[in-house]
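Notes follow once the structure below has been shown.
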Ligand SMILES: [Zn+2]
């Protein structure tokens with residue numbers, strides 16, 4: 001395994017030679033992933049191995065680990081998603097080749113001879129993010145939004161309402177004007 005990380009690799013040649021890369025990358029350096037994160041601090045660790053399988057296909061095996069901080073879509077608080085993804089990929093030249101792969105193997109379409117190494121890592125992390133990230137119901141906090149609202153309501157009830165209009169009365173007035 002080499003520790004020097006090239007930006008681009010030739011996955012077919014690497015597979016023929018047999019080689020791999022491992023290392024870490026800052027989450028903030030993965031722009032497509034960062035867009036989906038609430039907090040881009042931290043790193044992703046990865047190790048990737050390239051080889052030819054018994055059908056002479058260029059294959060990539062490895063793993064990607066990170067802790068992603070997402071925004072819970074229910075309470076809007078931080079949600080930490082530990083990712084420990086195992087990759088099992090086959091490099092294909094034309095999309096039709098994907099149909100001939102075993103179901104457990106994912107295709108990586110590389111038309112030319114170059115693949116951006118960190119795209120493999122970034123794609124895997126993006127795939128690990130649920131479409132609607134949410135805490136487990138028991139862990140889902142009420143966040144700061146709801147207590148603030150409750151405070152507003154209770155203050156309104158405690159105050160002598162004579163010096164300001166009841167917001168609900170104003171609303172009712174607007175409705176009756178229609
Ligand atoms: Zn939540």
Förster radius 35 Å - calculated FRET efficiency between residue 22 and residue 71 (Cβ-Cβ, nearest 0.05): 0.70
Exposure proxy ranking, count of Cβ atoms within 10 Å, fewest first, for 46, 8: 8, 46
Shape call, region 9-147: gyration tensor on alpha carbons, a/c limit 1.5: prolate
Spin-label pair residue 140/residue 52, simplified geometry with 7 Å Cα→Cβ offset, distance in nm: 5.2 nm
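All of the numbers you see were taken from the coordinates with simple rules; none came from a lab. Model, not experiment: these values are computed from the prediction. Ideal geometry is used to build each Cβ from the backbone, glycine not excepted, and the neighbour counts take in all protein chains shown.
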